[in-house]
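One structure below.
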Amino acid sequence: MQFPSDSFDLVYSRMLFEYLHHKEQAAAEMVRVCRPGGSVFIQDLDGQLLWNYPEDPVVQGAVEKVVAGLASTGFDPFVGRKLFSLAHKAGLQNIEVQVECYHLIVGEIDPRILKQWELKLEIAVPWIARILGDERAAREHTQRFLAYLRRPDTLTYSNVFTVTGVKPL
């Protein structure tokens, strides 16, 4: 980070670690720029896109292939559970962890939330196309996933981890 050490009373990151290649370095930098006695707050998802029931083998297979392919970009759908360890390794004390449900879609998805998923998947289409081989396949699988979310008999969820700690004096 382009900040001097010991600059801030609070350093906050929300939904960033899931995209970083160097997660330990990022946590260490957050602690470095925090003042002694200051707080570091890290929040991120765990299980995004992955936990759906009843399972549709075609949807699940495409999701798993895409998630594996995105690993080279730094994307980690299981980063939430890693935040405590990252905070501990970075030297934080008095670490607290909260876990809450973040995405919870039970039955047919709310139209407002569906719009968010449509946007998220549209942004991801170029990467999905690279992983699946072409844009047609990417669009087919994103539409299949969205159709899954519209079904009245499905459940989709992920969790959000919130980790806070204090930089030692």
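With an 8 Å cut-off on Cα pairs and a minimum separation of 6 or more residues, tell me the relative contact order of the chain in percent.
The normalised contact order for the chain reaches 35 percent.
Pop out the ³J(HN,Hα) list for the range 136-146 in order, Karplus 6.51 cos²θ - 1.76 cosθ + 1.60 with θ = phi - 60°, rounded to Hz; leave Gly and Pro as x.
Result, rounded to whole Hz: 4, 5, 4, 5, 4, 6, 5, 5, 5, 5, 5.
What length, rounded to one decimal in nm, is gained on full extension from L119 through to I95, with 0.36 nm per residue of separation minus their alpha-carbon distance?
Residue separation times 0.36 nm, minus the Cα-Cα distance, leaves 5.2 nm.
What's the tally of Lys pairs in the chain whose alpha-carbon atoms lie under 18 angstrom apart, where the two lysines are 8 or more places apart or on different chains?
Here the count comes out as 5.
Could you give the nm distance between label points at S85 and L155, where each point is 7 Å from its Cα heading toward the beta carbon?
Calculated label separation equals 2.8 nm.
Could you grab the relative contact order for the range 30-93? Cα pairs under 8 Å, six or more apart, rounded to a whole percent.
45 percent
Using the alpha carbon gyration tensor of the chain, what are the three equivalent-ellipsoid semi-axes (square root of 5 times each eigenvalue), largest first, in whole Å?
In descending order the semi-axes read 35, 17, 12 Å.
Could you go through the range 23-37 in sequence order and give the Karplus-derived ³J(HN,Hα) for each residue, using 6.51 cos²θ - 1.76 cosθ + 1.60 with θ = phi - 60°, rounded to whole Hz, and x for Gly and Pro?
With the stated coefficients, the range 23-37 comes to 5, 4, 5, 5, 5, 4, 5, 4, 5, 4, 7, 7, 6, x, x Hz.
We did not get these values from a lab; they are worked out from the coordinates using the rules stated. Here the structure is a predicted model, which means the values were calculated and not measured. Ideal geometry is used to build each Cβ from the backbone, glycine not excepted, and the neighbour counts take in all protein chains shown.
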